[in-house]
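Enquirer: So that we are looking at the same thing, I have put the structure below in structure tokens.
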Amino acid sequence: MDIETLKTAFVAFVRANQDYAPFVVGLLTFGESLVFLSLLLPATAILVAIGFMLPATDIPFWHVWLGAALGAGAGDWLSFAVGQRFKTAAYGLWPLSRNPHLVTRGERFFLRFGAWAVFIGRFFGPARAVIPLIAGVFLMPPVLFQAANWASSFVWAFLLLAPGMGLMEIISRW
């Protein structure tokens, strides 16, 4: 199954099951933010498509935005906990074991920027997959991690959903 087919199926599912949209989008962003699934899940394209679809549905934007942000924050929280618990042994698990360059680059980025790496890393696909894990491995203070994690998850979700929503609102008024 290719990415386009997956994206189309997911958007159609959300449209058909509007009451569950915030929950489904939250699960999607949870998977997108979870260290081992993030490299496999094309959630960014799906979220942008959902943003474009929202004006044609009865789904309130703020519900979907909240679901997306909570899912993303929870995924990073779990990735951070995995790093705290398993330390560098987590680097040996697939798919990270097949992409050691991601870990090396992620460690350098984290050591250079600290909490800002957690915030900024959310916006870059490969970094999003490893930075929370690395923050846990390096025993970043949990309060500092969570502040960067939750702030970035709300901004990230808004930036993916709002442009499509806003553009479609403008087009529908013409």
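The values are calculated or read from the model by the stated rules, or taken from the named source; none is laboratory data. These numbers were taken from a predicted model, which means no experiment stands behind them. Here Cβ is always computed from backbone atoms with ideal geometry, including for glycine, and neighbour counts include all displayed protein chains.
Enquirer: Within region 25-53, track down each residue that is crowded, with 19+ Cβ neighbours inside 10 Å, at pLDDT 85 or above and not in a loop (DSSP other than H, G, I, E, B).
Expert: Those that are crowded, with 19+ Cβ neighbours inside 10 Å, at pLDDT 85 or above and not in a loop (DSSP other than H, G, I, E, B): Val25, Gly26, Leu28, Thr29, Phe30, Glu32, Ser33, Ile46, Leu47, Ile50, Gly51.
Enquirer: Now for a separate question. Return the residues of region 118-151 that are assigned to a helix (DSSP H, G or I), touching a residue at least 60 places away in the same chain (Cβ under 8 Å) and buried (at least 21 other Cβ atoms within 10 Å of the Cβ); say none if nothing qualifies. Steps first, please.
Expert: The first filter runs over region 118-151 and keeps only residues assigned to a helix (DSSP H, G or I), leaving 118-121, 125-137, 142-151.
From what's left, touching a residue at least 60 places away in the same chain (Cβ under 8 Å): 125-126, 128-130, 132-133, 142, 145-146, 149-150.
Within region 118-151, Arg128, Ala129, Val130, Pro132, Leu133, Phe145, Asn149 meet the criteria.
Enquirer: Give region 54-72 a look and list any residue that's buried (at least 19 other Cβ atoms within 10 Å of the Cβ) and assigned to a helix (DSSP H, G or I), or say none. Explain how you work it out, then say what you get.
Expert: Taking region 54-72 first, the residues buried (at least 19 other Cβ atoms within 10 Å of the Cβ) are 54, 59, 64-65, 67-72.
Within region 54-72, Leu54, Val64, Trp65, Gly67, Ala68, Ala69, Leu70, Gly71, Ala72 qualify.
Enquirer: Moving on to the next point. When you scan region 73-113, how many residues do you find that are outside any helix (DSSP H, G or I) and free of Cβ contacts under 8 Å to residues at least 60 places away in the same chain? Even if it seems obvious, please write down each step before you answer.
Expert: Just the residues of region 73-113 that are outside any helix (DSSP H, G or I), to begin with: 93-95, 99.
The next check asks that each one be free of Cβ contacts under 8 Å to residues at least 60 places away in the same chain; those that pass are 93-95.
Residues that pass the stated criteria total 3.
Enquirer: I'd like the residue in region 1-24 that is in contact with a Gly (Cβ under 9 Å, 6 or more places away or on another chain) and farther than 16 Å from Ala162 by Cα and, out of all such residues, is surrounded by the most Cβ atoms within 10 Å (Cβ to Cβ). Lay out the reasoning, then the answer.
Expert: Of the residues in region 1-24, the ones in contact with a Gly (Cβ under 9 Å, 6 or more places away or on another chain) are 21-24.
After this cut, where a residue has to be farther than 16 Å from Ala162 by Cα as well, the list is 23-24.
Numbers: Phe23: 15, Val24: 19.
That would be Val24.
Enquirer: Looking at the structure I just gave you, is Gly164 closer than 14 Å to Thr44 by Cβ, modelled with pLDDT under 95 and surrounded by fewer than 23 Cβ atoms within 10 Å (Cβ to Cβ)?
Expert: Numbers: closer than 14 Å to Thr44 by Cβ: yes; modelled with pLDDT under 95: yes; surrounded by fewer than 23 Cβ atoms within 10 Å (Cβ to Cβ): yes.
Here the answer is yes, as Gly164 does meet what is asked.
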